[in-house]
Amino acid sequence: MCSVRLLGILQQEGYSCRAFLKWYYRSRNIERKKASLLAIAVALLTAVVSVCFSFLGSEIANLISAVPFIGIAVLYCISESRHALKVKEVPTPRLMRLTIIYTLVMLAVNIGLAFAMRAVALAVNAPWYNLLRYVPFAIVPLLVPIVLTGVCFAMKAYETPHTARFIKRAKAELDKSSAVKVGITGSFGKTSVKHFAATILSVRFKVIETPYSYNTPSGIARTVNEIGLDCNVFLAEMGARRMGEIAQLCDIVTPEYGILTGVCPQHTETFGSLEAVKAEKGVLVGRTRRCVLGRSVADLARKEDLVMGRDFDAEDVRLSLDGTRFTLRLPDASFPVQVPVLGKHAAEDVALAAALCLLLGMTADEIKAGIAEITPVAHRLERRNQGGVIILDDAYNANTAGAQNAVEVLKLAGGRKVVVTPGIVELGQLEEEINARLGASLAGLDLVILVGETLVLEVRSGYLAAGGEEEKLRIVPTLKDAQNILAKELRTGDCVLFLNDLPDIY
């Protein structure tokens, strides 16, 4: 029962045993603290109740001690059920297999523990031990992560070749397909550019894109195997957190065209440096015939590639809370554009998508017609109105460039301006510096709510150093606490930005 949330976390970590254990045993992990408190409570109450009822005999005292044991467990599970994972577990066949086998193994562990305690009781035959012989069951919550990772590791003997066959089947379909294949990568904007490109291309072509943020080998393979490739253009988002992953994705998709949106310090925690991030993302350029590149990666361009700022651009960008206006400059055309998407980065994402469409043979008129059909991408600076309050939902933004653009849009609001954020992660040695810079950008807002136990102290320090007012700053442990504050504080005309709602693994 204590394992439900941990199974979801393990899935978020891509079933990496090492990453899961690193997450679980980090110094401030609340899940580990809760398991420790549960173990202590079970041990103490079981022991105390057994001793209190010892006058009835050890067997009866043991049975009575089961009441607080079960009661605490039930209360714990009820409490856990009220705090669902932000990123809900996806009931994939792999997760179902892991859950079933893990449950059987944990059942065996508990039965083995019961027999062991019974054997010791027979051997020792001491009244005090008979009273306390079920207390060691309190260690079970502490065994959960070890047993879970052990089962997950053992199952890789089956899962690894099974996944390889699943990916191989998708690659075979991709190789057979006559669809034009496009790879889209970068430190930021991948999903938005993919969405905008699919919308514009749909004016002329039948398009299939990898849904949501399906940007791993398994995600791309799942798209191909479940949706198929009945299309003219296949858009594959490509994510990477470690060296070699873009090459692996290119081996599967074999893209003819590509978009490299740009690079920033995101994922330097796993790559080690910005140069390594750039080198890894730049692999896509060398694996395609022609590529569209953002400003920060212009030096990777070949003669046949299109570069933002040189061959095309989003110029004269004008921001508002209703949308973004700009002039789209292409090699042979230039025209005004208005999209219901917020932020300077939205204009640049549209320009990147338009440049790809140009490479694929679309005319300026077709591109213009496609841009008119663009809609906001969910949770990426998406505007909603609720009870007279403007909500800017930028929950999926986790990079420095996007955060800067989101705060810039928030400051356009006419009423009180509020931000809710846990900071930015996966920046390695740059986390403290960049989160302090984020905090400095929040100075002048009417209310700043920092959430969680990640990097809020660095954000706070940057905010105060830039002249932010202490009385306008709140630090709370959970998003639910932040929402309770907002329910009391917000009024008609206010604008609140939810910036980077971190997944559960943070």
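Listing for the model above:
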{"read-out": "Leading residue by the ranking (surrounded by the fewest Cβ atoms within 10 Å (Cβ to Cβ)) among those in the range 250-265 that are in contact with a strand residue (DSSP E or B) (Cβ under 7 Å, 6 or more places away or on another chain) and more than 15 Å from residue 282 (Cβ to Cβ)", "value": "254"}
{"read-out": "Residue within the range 276-290 that is over 27 Å from residue 224 (Cβ atoms) and either more than 25 Å from the chain's Cα centre (by Cα) or not hydrophobic (A, V, I, L, M, F, W, C) (or both) present", "value": "yes"}
{"read-out": "Residue that is surrounded by the fewest Cβ atoms within 10 Å (Cβ to Cβ), among those in the range 342-368 that are in contact (Cβ under 8 Å) with a residue 60 or more places away in the chain and within 23 Å of residue 412 (Cβ to Cβ)", "value": "344"}
{"read-out": "Filtered residues of the range 79-135 (kept if aromatic (Phe, Trp, Tyr), loosely packed, with under 14 Cβ neighbours inside 10 Å and at pLDDT 80 or above)", "value": "115"}
{"read-out": "Per-region count, the range 167-202, residues farther than 27 Å from residue 373 by Cβ, free of Cβ contacts under 8 Å to residues at least 12 places away in the same chain and among the small types (Gly, Ala, Ser)", "value": "1"}
{"read-out": "Filtered residues of the range 192-207 (kept if in contact with a strand residue (DSSP E or B) (Cβ under 7 Å, 6 or more places away or on another chain) and either under 27 Å from residue 13 (Cα atoms) or surrounded by fewer than 17 Cβ atoms within 10 Å (Cβ to Cβ) (or both))", "value": "193, 194"}
{"read-out": "Options 167, 220; residue that is assigned to a helix (DSSP H, G or I), within 20 Å of residue 93 (Cβ to Cβ) and in contact with a Pro (Cβ under 6 Å, 6 or more places away or on another chain)", "value": "167"}
{"read-out": "Criterion: of a type in the set (A, V, I, L, M, F, W, C) and at pLDDT below 85 - qualifying residue of 42, 4, 51", "value": "4"}
{"read-out": "All positions within the range 369-397 that are basic (Lys, Arg) and surrounded by fewer than 19 Cβ atoms within 10 Å (Cβ to Cβ)", "value": "383, 384"}
{"read-out": "Residues being of a type in the set (A, V, I, L, M, F, W, C), in contact with a strand residue (DSSP E or B) (Cβ under 6 Å, 6 or more places away or on another chain) and within 22 Å of residue 381 (Cβ to Cβ) - total across the range 295-321", "value": "2"}
{"read-out": "Selected residue (criterion: farthest from residue 252 (Cα to Cα)) from residues of the range 278-296 that are among the hydrophobic types (A, V, I, L, M, F, W, C) and surrounded by fewer than 22 Cβ atoms within 10 Å (Cβ to Cβ)", "value": "279"}
{"read-out": "Subset tally (residues that are in contact (Cβ under 8 Å) with a residue 24 or more places away in the chain and either in a helix (DSSP H, G or I) or not assigned by TED's automatic domain parsing to the domain that holds residue 245 (or both)) for the range 280-304", "value": "9"}
{"read-out": "Counted residues, the range 203-235 - those being at pLDDT below 95, aliphatic (A, V, I, L, M), within 25 Å of residue 366 (Cα to Cα) and within 23 Å of the chain's Cα centre (by Cα)", "value": "0"}
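The values are calculated or read from the model by the stated rules, or taken from the named source; none is laboratory data. Source: prediction; values computed, not measured. Virtual Cβ from ideal backbone geometry, glycine too; neighbours counted across all protein chains shown.
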